[in-house]
Structures are given as structure tokens and as C-alpha cells.
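Novice: One structure, as C-alpha cells, below. Some questions next.
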Amino acid sequence: MAILEMRFLPDPILRRKAVKVAKITPQLKKLVENMVETMRDQSGVGLAANQVGSLQKVAVIETPDMEEPMVLINPEIIKAEGERQVTEGCLSVPGWRGTVNRSEKIKVKAMGLDGKIYRLNADELLAQALEHEIDHLNGILYIDHLIDHESLWKISDHPEEEELDVEDDDGEEPAESIVAETSASVSDD
């Protein structure tokens, strides 16, 4: 297994839609193994293929309560219920967190590495992770779901300084520029 190179904002691949996988190949299985290794190395809960430079519709998720990672090939949300506000971050947007709206419950259809289609009902963290990773595969980032621009903040080593002051002149990029940068790179591929 190998640790894959992460792609970070504003890399345009993060805004491209992934392509459906036609069949399970040895190369796809290797990609999945490497994605799991990379996700664990980065201390993530999920990882989509475009985050490591592949435009295949593949994601992996491993929440703290899972015994083994979940593999999602060609995943799609077939039902969503309710709405809740949650705090999210992303391995491809390091150093930032934001408040977004996510569904309370979702139903997802995907294919496993065995080539069989399965359906999954999820809530809580798993539902959030599924929505987040499926968004990635559609070229959407969590910052596209911010409840407002003020709900994005830079992570700091000092919790009392976690809220980003937009008039901050310490040379760090303000939240508005992160959101604007990504909006400008949206593609309709």
C-alpha cells in the first residue's frame, strides 16, 4: 500500500465531477487500498478519489465506530430527510472549519468492491460523511454549503482565537477569500 498525494484547494480536480466506474479491476482495488491508507495517514473520516487525483467515482469512509472501512463505488443519495447544522472540515481544505447544513438521515445506493449493489441507511456522523464524500465526487466542497460566510473559521492552536477576524492583518488569508477562490473555480463538467 502507498500514501497518495493529497490535492488541496484550489486544485481544479476538486471541482470536477468524477466518472462512473464501469467494472471492478485490480487497479481499482489498489486505488481503494491506497485511499484507505491515505485517509488513515491524514486522520480523516472519509476520502473521495478526486482528493488524490483520480476522477473515478470512488470514496472510502471509516468512522471511529467502524471495524473496517466502507468502500463506495458510484455512490448516490437516493433519499434525504431533515436538516441539521454541523461543523465540518476537509482534508483538501486544511486548517479551516465551517458550519454547514446536512441531512439528518440519508439513504445511499453504491457498489462494493465485490461488484454488488447495496443500499445503506445512515444518520449522525455516517450520514454527514456520506454526504461530504458524495459531494466531492460531484465537484462540490463543504464550503459550498456554509450557512453564511462568517461560519468559516481558521483553526488555531489557541481555542480562544479560533474565530477568524476578517480585519486580521497577520498575513493569513481571510475566510471570504477562501470562499471566493472556490466559487471562481466552479466547473460544470
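Quick note: the coordinates plus some simple rules give every number you see, no bench work behind them. Worth saying up front: this structure is predicted, and the values here are computed from it rather than measured. Here the Cβ is made from the backbone with ideal geometry for all residues, glycine too, and neighbour counts use every protein chain on show.
Novice: Could you check the simple spin-label distance between K23 and Q42, using points 7 Å along Cα→Cβ, in nm with one decimal?
Specialist: Reported label-point gap for K23 and Q42 is 3.0 nm.
Novice: Still on this structure, I have one more. I need the GluC sites (Glu not before Pro) found in segment 1-89, filtered to DSSP loop residues with at most 16 other beta carbons within 10 Å of theirs.
Specialist: E5, E67, E83
Novice: How charged is the neighbourhood of M6? Take every other residue with its Cβ under 14 Å from the Cβ of M6, and add Lys/Arg as +1 and Asp/Glu as -1.
Specialist: Combined, the nearby Lys, Arg, Asp and Glu give -2.
Novice: Would you mind counting up the charge near S92? Only other residues with Cβ under 10 Å from its Cβ, with Lys and Arg at +1 and Asp and Glu at -1.
Specialist: That sum, taken over residues with Cβ under 10 Å, equals 0.
Novice: List residues of segment 71-86, by number, whose backbone nitrogen lies under 16 Å from a label position 7 Å along Cα→C-beta of E104.
Specialist: Within reach of a label on E104, which here means backbone N under 16 Å from a point 7 Å along Cα→Cβ, segment 71-86 contributes 79-86.
Novice: If the chain between E124 and A2 were fully stretched, how many nm would it gain, using 0.36 nm times the residue separation less the Cα-Cα distance?
Specialist: Between E124 and A2, full extension yields an extra 40.9 nm.
Novice: Let me ask something additional. Using a Cα-Cα cut-off of under 30 Å, which lysines could be cross-linked to K30, ignoring same-chain neighbours fewer than 8 residues away?
Specialist: Leaving aside lysines fewer than 8 places away in the same chain, those within reach of K30 are K17, K20, K57, K107, K109, K116.
Novice: Going through segment 13-112, which trypsin sites (Lys or Arg not before Pro) have at most 10 other Cβ atoms within 10 Å and a DSSP loop state?
Specialist: K23
Novice: Between E81 and E67, how many nm apart are label points set 7 Å from Cα along the C-beta direction?
Specialist: Distance between the two pseudo-spin positions: 2.7 nm.
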